Amino acid sequence: LARWADLFLVAAASADTRARVAQGIANELLTSCWRGAAGEKAVAPAMNQQMWADAATQANLATLKSRGIAVFGPGSGVQACGDVGAGRLLEAEQLADLCADQFESGLLSGAHVVITAGPTREALDPVRYLSNHSSGKMGFALAEACVEAGARVTLIAGPVHLPTPARVQRVDVVSALDMLAASEAAVAVAKAGSSQPVFIATAAVADYRPAQVAAQKIKKGLKDDTLDITLVKNPDIVASIAEQADKPFVMGFAAETHAVEAYACDKLARKKLDLIACNDVSRADIGFQSDDNAMTVFWPDTQANEGVARVELAKASKAQIARELVRLLAARLTY
Ligand code: PMT
């Protein structure tokens, strides 16, 4: 029990538990494991506001901090006993974020990463649209991984049902044209304010939109068995960012169902990308909507066979894949 964890967090840590670990007492399972654990350690205090203010409580806390033990919280507010003040245990999500902070790699410190995520919706009329199955999970996982790596992150999200990751600036958009405008604005800020601007395009952007959006709901004609809709091509967001004169580092994605490598390499060259991560979206266990993914990543490399280097990322959670993508990305940056 003591050996496997990278971080040992006691949550909730009572005044008594903190006093015992501060004193080095190890007479039951929790405190024995604590003393035997070699990884990082943290406590999340939870107690009555008067107990929190007590001198012994504060002295024990100072001892723990002096030994490099992280203290998460406490929060403040109404307490179980009816008192109001400091001593509330932080929420589970806050504790999870603080745990993640302990492992910040700094791989992207100084970088401003702009990420597109999710689908776009292309309106047909006030009640209908064309779209696709993207949930946004891959892009949101990348946003979290980039924050974890120390980057400033702007996340441009199509219509998805996901909470905004901590410390991420989110811009919600609907259509491909909205996403292009938001991407150009965010990339301009990234270029002006950071030594390393990066653009990552995970969004499943609709390639076409209806040429005309009906102002009112399109009605069925009594004799009509078919409906013709003319579509026009949407701008290619990632390609247009990669065309910019002082372009950021640009990473694209490729969603393929067959000839995965050939199509991915074609997109890498045609869209002038610095890196492309390709997933097979014909598989139900990865890609669209799944919590997992598997990728083949390609980038230009004059030393490699046919001028393109490649790495396979085996199936793992999108959070894990995102961390591995960040490592590959950081290794390609030159700032
Ligand atoms: O959102 P999830 O449910 O988690 O699913 C993740 C995902 C499958 C959507 C993701 O991993 C993925 O593959 N994203 C790219 C989807 C896509 O549109 O691929 P594509 O091969 O059609 O496009 C190639 C690249 O061009 C992509 O980086 C895309 O964002 C970009 N593009 C495409 C069209 C367009 N008009 N503008 C673009 O920027």
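The values are calculated or read from the model by the stated rules, or taken from the named source; none is laboratory data. Bear in mind the structure is a predicted one, so any value in this text is a computation, not a measurement. Note that each Cβ is placed from the backbone with ideal geometry, even for glycine, and that neighbours are counted across all protein chains shown. For accessibility, only protein heavy atoms count, side chains too; no ligands or nucleic acids. Shrake-Rupley method; radii C 1.70, N 1.55, O 1.52, S 1.80 Å.
A compact table of results
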item	result
Residue check, Val78 of a type in the set (Val, Ile, Thr) and at pLDDT 95 or above	no
Every residue from the range 178-195 that is farther than 28 Å from Gln289 by Cβ and either charged (D, E, K, R) or not in a loop (DSSP other than H, G, I, E, B) (or both)	Glu184, Ala185, Ala188, Val189, Ala190, Lys191, Ala192, Gly193
Test set (1) at pLDDT below 95; (2) out of contact with any helix residue (DSSP H, G or I) (no Cβ under 9 Å at 6 or more places or on another chain) - Leu328 fails condition number	(1)
Matching residues in the range 274-298 - criterion: being in a loop (DSSP other than H, G, I, E, B), more than 8 Å from the ligand (Cβ to nearest atom) and open to solvent by less than 50 Å² (accessible area, probe 1.4 Å)	Asp274, Ile286
Failed criterion for Asn27 (all others in (1) in contact (Cβ under 8 Å) with a residue 24 or more places away in the chain; (2) at negative phi hold)	(1)
All positions within the range 129-156 that are assigned to a loop (DSSP other than H, G, I, E, B), open to solvent by 10 Å² or more (accessible area, probe 1.4 Å) and within 14 Å of the ligand (Cβ to nearest atom)	Ser131, Asn132, His133, Ser134, Ser135
Residue list for the range 258-273, filter: more than 10 Å from the ligand (Cβ to nearest atom) and assigned to a loop (DSSP other than H, G, I, E, B)	His258, Ala259, Lys272
The lone exception for Leu90 - which of (1) open to solvent by less than 70 Å² (accessible area, probe 1.4 Å); (2) farther than 30 Å from Ala319 by Cα it fails	(2)
Residues within the range 102-128 that are outside any loop (DSSP other than H, G, I, E, B), among the small types (Gly, Ala, Ser) and either open to solvent by 20 Å² or more (accessible area, probe 1.4 Å) or over 21 Å from Phe288 (Cα atoms) (or both), tallied	2
The range 220-246: number of residues that are away from the ligand (no atom under 14 Å from the Cβ) and of a type in the set (Lys, Arg)	2
Positions within the range 157-177 being open to solvent by 50 Å² or more (accessible area, probe 1.4 Å), away from the ligand (no atom under 12 Å from the Cβ), closer than 25 Å to Leu124 by Cα and not in a strand (DSSP E or B), in sequence order	Val174
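Here's the yes/no breakdown for (1) under 30 Å from Ala15 (Cβ atoms); (2) within 16 Å of the ligand (Cβ to nearest atom); (3) aliphatic (A, V, I, L, M); (4) outside any helix (DSSP H, G or I):
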{"position": "Gly85", "(1), (2), (3), (4)": "yes, no, no, yes"}
{"position": "Glu93", "(1), (2), (3), (4)": "yes, no, no, no"}
{"position": "Ala96", "(1), (2), (3), (4)": "yes, no, yes, no"}
{"position": "Cys99", "(1), (2), (3), (4)": "yes, no, no, no"}
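Let's see how each residue does on (1) more than 24 Å from the chain's Cα centre (by Cα); (2) open to solvent by less than 20 Å² (accessible area, probe 1.4 Å); (3) over 30 Å from Glu312 (Cα atoms); (4) among the acidic types (Asp, Glu):
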| site | (1), (2), (3), (4) |
| --- | --- |
| Ile200 | no, yes, no, no |
| Arg209 | yes, no, yes, no |
| Lys217 | yes, no, yes, no |
| Lys223 | yes, no, yes, no |
| Leu231 | yes, no, yes, no |
| Asp236 | no, no, no, yes |
| Phe249 | no, no, no, no |
| Ala255 | no, no, no, no |
| Ala262 | yes, no, no, no |
